[in-house]
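Q: Attaching a single structure in structure tokens format; questions to follow.
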Amino acid sequence: MPSCHLLLFWALLKEWFFQALNSWRPLSRFLHAAGGHWALLTHPLHPWRPASLLRVLSPALQEAVAGLTLVSPGPSQMSWRPQYRSSKFRNVYGKVANREHCFDGIPITKNVHDNHFCAVNARFLAIVTESAGGGSFLVIPLEQTGRIEPNYPKVCGHQGNVLDIKWNPFIDNIIASCSEDTSVRIWEIPEGGLKRNMTEALLELHGHSRRVGLVEWHPTTNNILFSAGYDYKVLIWNLDVGEPVKMIDCHSDVILCMSFNTDGSLLTTTCKDKKLRVIEPRSGRVLQEANCKNHRVNRVVFLGNMKRLLTTGVSRWNTRQIALWDQEDLSMPLIEEEIDGLSGLLFPFYDADTHMLYLAGKGDGNIRYYEISTEKPYLSYLMEFRSPAPQKGLGVMPKHGLDVSACEVFRFYKLVTLKGLIEPISMIVPRRSDSYQEDIYPMTPGTEPALTPDEWLGGINRDPVLMSLKEGYKKSSKMVFKAPIKEKKSVVVNGIDLLENVPPRTENELLRMFFRQQDEIRRLKEELAQKDIRIRQLQLELKNLRNSPKNC
């Protein structure tokens, strides 16, 4: 082979190599020698076409380099330039609400538990607050924005810190909470919000032996609630009877996250034992299990009907990482992608209607968003929302609560602890037309349950009842939660029923009971004084009647 041809080939290869290194996305593996053959492997999310080098060479040089093997992901994926994937959501941007439309002056909890401490639906916003001696949370109507008074009424019935809260997806004024006091409680918020502190729950659920860290409502069945405790168990509650009907006992450490597929027939969990599990919830049978040694999983979410799971966690190099899995084969992730070197937990949020994935880091103010597809490269980066204010957690508005006239496809409620602020962030698709955009608002799961508890427990699976957002959110029927009636039990000691008159367990509860009794004593004294005055008046009238001339 002429030496000039070799020099030309080497120069072209060198120029192409440095162009690749200067690209935005780095090469994960590059030119290396193995057994005398050259192999070129590039990052799957950003391919190039090295075979194009051969087109500019002479026929003689092409024959000379015919023995070299160029390994690539395939001709359909190789290109000199990054593949451009057309997407209607490429220009989605985040819009922060004005200060007057935020919720200010809220004493957000300082608890370090890795939860959002916030839940939102189309009517109310609930936030776990800092309190001494017991757990409490605020429930604020969405239209009541601005500064919240320090003495605003709270839900304060738990004896320990509240760790998680979730709204019932089918009844707007029913919310579930769990706490360090080992209980799960169901609360009914009155129309228009709270007027005074709420201490009596509609239903108290006791079944865990240690604190309860997670609660999740079943996505298609009314009155089925899942709770995960630090006793390594998941309890399934039928709220129609107020008792646990199933128990999942396959975890060997604390459960970090729970997520359902679309019809609620599968449950996936992450655990401190570094395992990812896919579980059939009614039987408790583990269908798939992955031992994540190189990707320590923290959070997991089902990706709609794609039969995919997405997990966030930490790589072996202590960088934040996401991984995509096939739910039917957890032996190896489909892809792994390192995000950054920050230490905060990554919260994943998936929108099945737009196939968009949002990643929000705890302790930083950024929200990255991607588009998910069933074909390689599976994950396409779109854009990033940046904010200087760090977030402790994020609440997500259900689809039927979005503003479709503004082309809003997602809305976060960001908890800024340092400012005591709840900040709405709308993700908007820029469109010129003001008409309803059917391509970004397909039929979406509505507010009507598809199954009753007995049907689901009997083995029936059914997809969610869909609704259109074209006419706006209109609840077709008003569902009412009915607490189960239980037989009244009593434990009488010295003439006092201890079940009806439970002695205080904490200092905060003792103070509340003391002030309540003081108010009752004051009211009774006033009532007694009024009755004494009335008695004296009646005695005087009776005396006058006896001394009147008619009675002489």
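Q: What is the extension gain from Ala132 to Asn366, computed as 0.36 nm multiplied by their sequence separation minus the C-alpha to C-alpha distance, in nm to one decimal?
A: Stretched fully, the Ala132-Asn366 segment lengthens by 81.1 nm.
Q: Could you check the simple spin-label distance between Glu520 and Asn544, using points 7 Å along Cα→Cβ, in nm with one decimal?
A: Simple spin-label model gives 3.9 nm for this pair.
Q: Using θ = phi - 60° and the Karplus form 6.51 cos²θ - 1.76 cosθ + 1.60, what ³J(HN,Hα) does each residue of region 447-464 get, whole Hz, x for Gly and Pro?
A: Couplings: 10, 10, x, 8, 9, 8, x, 5, 5, 5, 5, x, x, 8, 10, 8, 5, x Hz.
Q: Follow-up question, since we're still on this one. Based on other C-beta atoms within 10 Å, arrange Thr199, Thr262 from fewest to most.
A: Details: Thr199 15, Thr262 18.
The fewest-first ordering by Cβ neighbours comes to Thr199, Thr262.
Q: While we're here: Distance cut-off 31 Å, Cα to Cα: go down the list Lys88/Lys275; Lys166/Lys307; Lys110/Lys525; Lys95/Lys166; Lys275/Lys376 and report the pairs above it. Present the calculation step by step, with values, prior to reporting the outcome.
A: Working: Lys88/Lys275 36 Å; Lys166/Lys307 25 Å; Lys110/Lys525 42 Å; Lys95/Lys166 25 Å; Lys275/Lys376 26 Å.
Distance filter (> 31 Å) returns Lys88/Lys275; Lys110/Lys525.
Q: Search the structure for amide H atoms under 5 Å from the amide H of His158, placed 1.01 Å from N in the peptide plane, and list their residues when 5 or more places away or on another chain.
A: Here the answer is Gly135, since their amide H atoms fall under 5 Å of that of His158.
Q: Is region 359-429 rounded, prolate or oblate when judged by the Cα gyration tensor, a ≥ b ≥ c being the square roots of its eigenvalues, rounded requiring a/c under 1.5 and prolate requiring a/b larger than b/c?
A: Working: a/c = 2.42, a/b = 1.33, b/c = 1.81.
Note, shape of region 359-429 comes out oblate.
Q: Could you list which residues have their amide H under 5 Å from that of Gln327, counting only those 5 or more apart in sequence or on another chain, with H placed in the peptide plane?
A: Counting only residues 5 or more places away or on other chains, the set is Arg308, Leu309.
Q: Continuing with the same structure: Got a sec to turn the phi values of region 373-387 into Karplus ³J(HN,Hα) couplings, 6.51 cos²θ - 1.76 cosθ + 1.60 with θ = phi - 60°, whole Hz, x for Gly and Pro?
A: 9, 7, 10, 4, x, 6, 10, 10, 6, 9, 6, 9, 8, 10, 8
Q: Separate question: Sorted from fewest to most neighbouring beta carbons within 10 Å, what does the list Cys118, Cys156 look like?
A: With the sparsest Cβ surroundings first, the list reads Cys156, Cys118.
Q: Only loop residues by DSSP count here, and only those with at most 13 other Cβ atoms within 10 Å; note down the chymotrypsin sites (Phe, Trp or Tyr not before Pro) in region 309-397 that meet that. Please list the in-between numbers first.
A: Working: sites: Trp317, Trp325, Phe349, Tyr350, Tyr358, Tyr369, Tyr370, Tyr378, Tyr381, Phe385; in loops: Trp317, Tyr378.
Loop-located and lightly packed - Trp317.
Q: Still on this structure, please answer the following. Run the Debye formula on the Cα coordinates of region 275-404, all scatterers equal and no solvent, and tell me log10 I(q)/I(0) at q = 0.13, 0.21 1/Å.
A: -0.57, -1.36
Q: What distance in nm lies between label points placed 7 Å from Cα along the C-beta direction at Asn197 and Lys376?
A: Going by the 7 Å Cα→Cβ label model, 6.2 nm.
Q: Sorting Leu202, Leu469 on the 10 Å Cβ count, fewest up front, what's the list? Walk me through the numbers before you get to the answer.
A: Numbers: Leu202 17, Leu469 21.
Ranking Leu202, Leu469 by Cβ neighbours within 10 Å, fewest first, gives Leu202, Leu469.
Q: Now for a different question. Any idea how far apart Arg285 and Ser87 come out in nm if each label point goes 7 Å out from Cα toward Cβ?
A: Going by the 7 Å Cα→Cβ label model, 3.8 nm.
Each reported figure results from applying straightforward, stated rules to the coordinates on display, with no laboratory input. From a predicted model like this one, the values you see are computed outputs, not experimental measurements. When we count neighbours, we look across all protein chains shown, and the Cβ atoms used for this are built from the backbone with ideal geometry, even at glycine.
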